[in-house]
Each structure stands twice: as structure tokens, then as C-alpha cells.
Amino acid sequence: MTDVCRHDVIIVGGGAAGLRAAIAAVEADPEISVALVSKVYPMRSHTVSAEGGAAAVARDEDSLEMHGYDTVKGSDFLGDQNVIEYFVEEAPKELTRLEHWGCPWSRNEDGSVATRAFGGMTTKRTWYATDKVGFHMLHTLFQHSMRFDRIVRYDEHFVTRLLVDDGNVRGVSALDIRSGEVRAILGRSVILATGGAGKIFPFTTNGRIKTGDGMALAAAAGVPLKDMEFVQYHPTGLPGTGILITEASRGEGGLLKNSEGDRFLVTYDYGVGKKAELGPRDMISRAVVQEIEAGRGISGPYGEFVHLDLTHIGREKLEARLPFVLELARTYAGVDPLTEPIPIRPVVHYMMGGVDTDIDGATSLPGLYAAGETACGSLNGANRLGSNSLTECLVFGARAAQHAVLYSRGSSEGNESALLAQAEAEAARVSALRRHKKGSEKISTIRRELNTTMEEGCGVYREQASMLATVQTVASLQDRASDLRVSDDSMVFNTEVIAALEMKNMVDVAQAVSVSAAARLESRGAHTCRDFSSRDDENFMHHTLCYLEAGGPRLDKKSVHLGHWEPEERKY
Ligand SMILES: Cc1cc2nc3c(=O)[nH]c(=O)nc-3n(C[C@H](O)[C@H](O)[C@H](O)COP(=O)(O)OP(=O)(O)OC[C@H]3O[C@@H](n4cnc5c(N)ncnc54)[C@H](O)[C@@H]3O)c2cc1C
């Protein structure tokens, strides 16, 4: 018999969005009980690895209007402007609140909060704590969350399914990784805060755990995934490992150079114009690829790359502002940035798309909310600006929780036996997987093939033919993934079973990405199609909705919430 736990609000994910949501939920209602379910110990969430900073207006020279406009333009006019307006207003409040909870933001000489330049932002508005921002933010949130005993943690619990009764979500089934048992965690509302899905690509800055689970859980419950075609490449990853060299290194003055030592972003017109190294990520990534294609890359054991040169910045500033970059480059690239340039190439970094939500984080399934990278509330449109994401987790984590609490108050508990039957079915599915020794497909083979086809079809530059080929390949991998061979039948810490569950989720997410990409016959933000090289507002100024149904994926459209920032050509 499945173990049953009861709470009011269930939050899946212990990263910045999940922890902020948990705190907001208990603060919104003195009675409420919150379950915080995470497949890893919360401090191991990907948020911890964020380096460069979090954006919010902090200086007199800046304004909410400017932050709003930069975000709208960065999104290539696909961001929802009501969402963006709310975001820029709340951003400074959230970062200040975090400081009151203990986040050690770096300061200027006069004691004011220090801000640095970031790509696509017209002025310095990225708050930082040296270059270990995610670590400090997550620590602050985690420690603050521990003040509330009404936040009950289920660490190392892998959520396998949303439990739905009578058209409302009423809980989740979760595999306790330590014991191998499947629990039913019942509640009146659920918030997905499960992060991104970079692992569907071979070369990514993303941690091992970013397998798109929340997106797949929502899609399996009939909720559409929105704008999945927009996958962000970060221009500066280390070749081989994909480890991120933060955009803050360009914010602090780093220059990109080709094999001839030329600062190519200013020499050639790639659309980044005068901003050069401070251009947005999509454009700089394309410029790097073009430079390599033109034969001005540098060859290495992991393919062609270009250089990120920090040598002119000087030891004192680098050690004070970018100590982690120095450490990463020395350890993982074998170069000392004080004296040598760092090899870099574009690397998959962030999913603009995700679970379709409105401004409150609500999805089309009553009681289900989403926030953080797994959600698509349409702040980022076709391209996210660096440092908006950490702030997004706070602003919309809090808002989703406040609305989930309101929803919980008016909602009943549902038919418990129907919910438990679903959890039992999940327990049986996981148990069958453990005994799946005779399956014919290896998890590693499917993963490799999935990664390869995603890079071929949905890379920095895309083409219709290769996108359609990827759609076909992913569909065949979907069939094959139902016959995985799992050789470990143990109950305790069965990582092979987890890998199998994650694999299924990754294939679902990859399907949504490739199908959505193949249908957008234009170039906008991170979706750059060689066959359709310009933006087409007349036919494609809409969000893509992708439903994953039993008969295959189905696409629909959703209108963009425009406002006072009129669409115009995106030039810097
Ligand atoms: C290397 C790197 C550097 C970055 N730097 C910056 C930066 O400087 N500024 C910026 O704004 N953004 C940055 N980003 C992006 C930003 O860090 C992320 O978008 C953000 O931290 C995501 O937070 P999240 O709370 O949505 O998810 P995550 O922090 O990824 O947390 C996801 C949580 O969900 C849980 N989970 C997932 N699946 C399941 C499941 N099936 N069952 C139970 N639990 C589950 C995990 O255990 C985890 O706790 C960076 C990203 C990377 C990869």
C-alpha cells in the first residue's frame, strides 16, 4: 500500500523558484502546510551554479521603463508586456528582500549595491556577489526557508506523475530515492519549479539533473508547453565540458577574438553593432559560429573555438570580481586568464520555453502552477537577457505561490481513493522498470542519439530539412524509449531507474522543441532558420503551444500580450 502524506500546497523543486515559492506560501497564510519535494538536496539545484548576477533597477541613471524596454527588445518582441512590466517593478523589491534575508551583494565604495553590465542591458543593472551569485542566493533562500517548520521537505524524492481528479490537480506521486518506495503526496495545489532541460543537448552548461521533468509532467497531464523552439545558446562555454564562463566576464571588459587576434564583433556587422561584447546572447552566439565557419576559428581537441580575452583587465579587478572564472579556466581549460585568452564556443544554456502559464503562474489545469525556468510565463519571449532569470525565479516564484494559496483555500481535497489508485499505478510502473532486464534499448544509446539529433536539428542555426529530420528521429526514439533495458533491480538509490525516468521526460521535451521549431518559418531571437532568415510579424507574432497527446504532438497558437513598446526591427 502506498504511503500517503497530506499538505495544502505541494512545490516540486528546491531551486530559487521552488524555495521562494515555499517561503511566499507560508507567509501568505499562517495555517498552510507546504511540501517541498526535490529530486536532489535543495542546495544541489542548478541555481547554485549561476555565476554572473540578477537584474533589477538599482541606480538613478536607470529606470523601470529602460529595464522593460531592454527585456522586450531582447525577447524579439515575443515577451508579454504585462508580464515584463510586473517583473521590472517587483525585481528591485525582491533583490532587496533577499539582502534582508542575508544575501551578501557586492557593494560600491560608497556602500551602495554594486551593479555590472550584462548583454543586451543598456546600463549596469546586474546585482552580483562576486561571480558566485547563484550559490549565495540559493543559500540565503534555503536558510530562510528553514525558519518555517510548516515547510516540510521531501529531499531526494523524484516526482513521477501529477495526480489529477475531476479536472483538478490534487497531488503528486514521488519515488523516495533512498528507500525505493513510491509515496502519494496529496494537496490542493501543486507548483512545478523543476528547472530547465538543457540535457536534451550534448553540449550544455546545465547540470546533470536538468532533464525537463516538470515540463514532461505537465504535458502528460494535458497542459501545453509554450515557445519550446526557443533554446538559448550562451556564447562562452569551455570546449569539451561546456562549463560556463559567465557573461560577467564580458560585462567586466572581456573581449572576443578570432584566430587572427581580431575583435571580430566590432569588425563585422552581425547585428550586435556598437554593443559588441555587450550584445545579447543569441546574436553573439551566431557571430561566433559565423566566424568559425569563415575559417577564423582556432582548432582544438574538442573542435573549433574562439578566444575570450581578459588579460588587459588586470589581476586586481579579476581577482575581486571574477575569482570563479579564474578558477574554472585554470582547472578546466588549463589556461591562466591573467596572461592567456580562454578558449570558448557557444553552448546550450537555457530554455525560454516551458509550461504555459499566465502572469499568476497558473496553467490550464486547475490547481497547477509553474515558476522559474520550467515555466513559460512569457517574460523572455524568443530570447532571455542574461541575469533576468534569477530575478524571474524570485518574482514569479512568489506570485505563483500567492495564487496557489488562494486556490487551495477554495478547493476541496478530491476523491482520495482515485488519487491513491493513480499513485499505486505509478508504484507498479517504477517497480516494472526495475525488473526490465529484458528490454532491448540501452539508456546511454538513446541519450546519445537524442543529443546528436537535437544538435543537428535545433542548434544555433537551423534548417527546415534538418529540423524535420530531427522530428522524425525523436519520434522513433520515443518508441524505442518505451523498451529500455534496466539492469539494476535494487530499491536503494537506484540511479538507473532514475535515469530511465529522466530519459522518457527528455524525449518528450525534445519532441516539443523539435516540432515547435519546425513549424516556425521565420527567424526570431534564438530561433534562427537559414531558410527563413527574417522575422515575420505578420504570420508569426504569436506564442507556440505544443500539446503532447496520445496520437502525437499537436500545435496551437497563443497571442502575445503587446503594450506600449511597439514591435520594431531589433538592432543594437
Ligand atoms: C551555469 C549556469 C549559470 C547561470 N548563471 C545565471 C546568472 O548569472 N544569472 C541568471 O539570471 N541566470 C543564470 N542562469 C540561469 C538560472 O540559474 C536558472 O534558470 C535558474 O537558477 C533556474 O532555477 P529554478 O528554480 O527554476 O530551477 P533549478 O535551480 O534548476 O532547480 C530545479 C529543482 O527541481 C527539482 N526537480 C527537478 N525535477 C524533479 C523531479 N522529477 N522530482 C522532484 N524534483 C525535481 C530539482 O531537484 C531542483 O531542486 C545560469 C544557469 C546555469 C546553468
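At-a-glance table
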| quantity | calculated |
| --- | --- |
| Residues satisfying the stated conditions in region 340-370, i.e. in a loop (DSSP other than H, G, I, E, B) and touching an Asp or Glu at 6+ places or on another chain (Cβ under 8 Å) | Pro341, Met352, Gly353, Ile359, Thr363, Ser364 |
| Qualifying residue in region 260-276 (condition: out of contact with any strand residue (DSSP E or B) (no Cβ under 7 Å at 6 or more places or on another chain), closer than 30 Å to Ser516 by Cα, modelled with pLDDT under 95 and charged (D, E, K, R)) | yes |
| Subset of region 371-399 [of a type in the set (A, V, I, L, M, F, W, C), part of a helix (DSSP H, G or I) and either within 12 Å of the ligand (Cβ to nearest atom) or closer than 19 Å to Val169 by Cα (or both)] | Leu390, Cys393, Leu394, Val395, Phe396 |
| Residues of region 316-326 classified as out of contact with any strand residue (DSSP E or B) (no Cβ under 9 Å at 6 or more places or on another chain), surrounded by 12 or more Cβ atoms within 10 Å (Cβ to Cβ) and among the charged types (D, E, K, R), total | 2 |
| Qualifying residues in region 482-501 (those that are of a type in the set (A, V, I, L, M, F, W, C) and in contact with a strand residue (DSSP E or B) (Cβ under 7 Å, 6 or more places away or on another chain)) - the one surrounded by the fewest Cβ atoms within 10 Å (Cβ to Cβ) | Ile498 |
| Count - residues of region 102-149 that are touching a residue at least 60 places away in the same chain (Cβ under 8 Å) and on the phi > 0 side of the Ramachandran plot | 2 |
| Hey, Gly353 touching a Lys or Arg at 6+ places or on another chain (Cβ under 7 Å), at pLDDT below 95 and either of a type in the set (Gly, Ala, Ser) or assigned by TED's automatic domain parsing to the domain that holds Leu501 (or both) or not | no |
| Qualifying position, being surrounded by 13 or more Cβ atoms within 10 Å (Cβ to Cβ) and within 30 Å of Ser482 (Cβ to Cβ), among Tyr572, Tyr547 | Tyr547 |
| Members of region 38-52 found to be near the ligand (Cβ under 6 Å from one of its atoms) and more than 15 Å from the chain's Cα centre (by Cα), listed by number | Ser38, Lys39, Val40, Pro42, Gly52 |
| Test for Ala35: is it crowded, with 22+ Cβ neighbours inside 10 Å, within 15 Å of the ligand (Cβ to nearest atom) and in a strand (DSSP E or B) | yes |
| Residue in region 527-547 that is small (Gly, Ala, Ser) and closer than 26 Å to Leu450 by Cβ present | no |
| Single residue of region 126-157 satisfying the filter (part of a loop (DSSP other than H, G, I, E, B) and within 12 Å of the ligand (Cβ to nearest atom)) that is nearest to Arg6 (Cα to Cα) | Glu156 |
| Positions within region 286-313 being assigned to a loop (DSSP other than H, G, I, E, B) and either at pLDDT 95 or above or hydrophobic (A, V, I, L, M, F, W, C) (or both), in sequence order | Gly297, Leu310, Thr311, His312, Ile313 |
| Of all residues in region 53-75 being crowded, with 23+ Cβ neighbours inside 10 Å and in a loop (DSSP other than H, G, I, E, B), the one that is farthest from the ligand (Cβ to nearest atom) | Ser75 |
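Results for (1) in contact with a His (Cβ under 8 Å, 6 or more places away or on another chain); (2) modelled with pLDDT under 95; (3) under 30 Å from Asn539 (Cβ atoms), shown as yes or no for each residue.
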residue	(1), (2), (3)
Gly15	yes, no, no
Leu36	no, no, no
Tyr41	no, no, no
Ser45	no, no, no
Gly52	no, yes, no
Asp60	no, yes, no
Gly68	no, no, yes
Val72	no, no, yes
Asp76	no, no, yes
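A quick yes/no check of all residues on (1) of a type outside the set (A, V, I, L, M, F, W, C); (2) over 30 Å from Ala220 (Cβ atoms); (3) modelled with pLDDT of 95 or more:
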residue: Phe142; (1), (2), (3): no, no, yes
residue: Phe148; (1), (2), (3): no, yes, yes
residue: Ile151; (1), (2), (3): no, no, yes
residue: Val159; (1), (2), (3): no, no, yes
residue: Leu163; (1), (2), (3): no, no, yes
residue: Val169; (1), (2), (3): no, no, yes
residue: Ser173; (1), (2), (3): yes, no, yes
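The values are calculated or read from the model by the stated rules, or taken from the named source; none is laboratory data. Since the model is a prediction, treat every value here as computed from it, not as a measurement. FYI the Cβ positions are ideal-geometry reconstructions off the backbone, even for glycines, and counts take in every protein chain you see.
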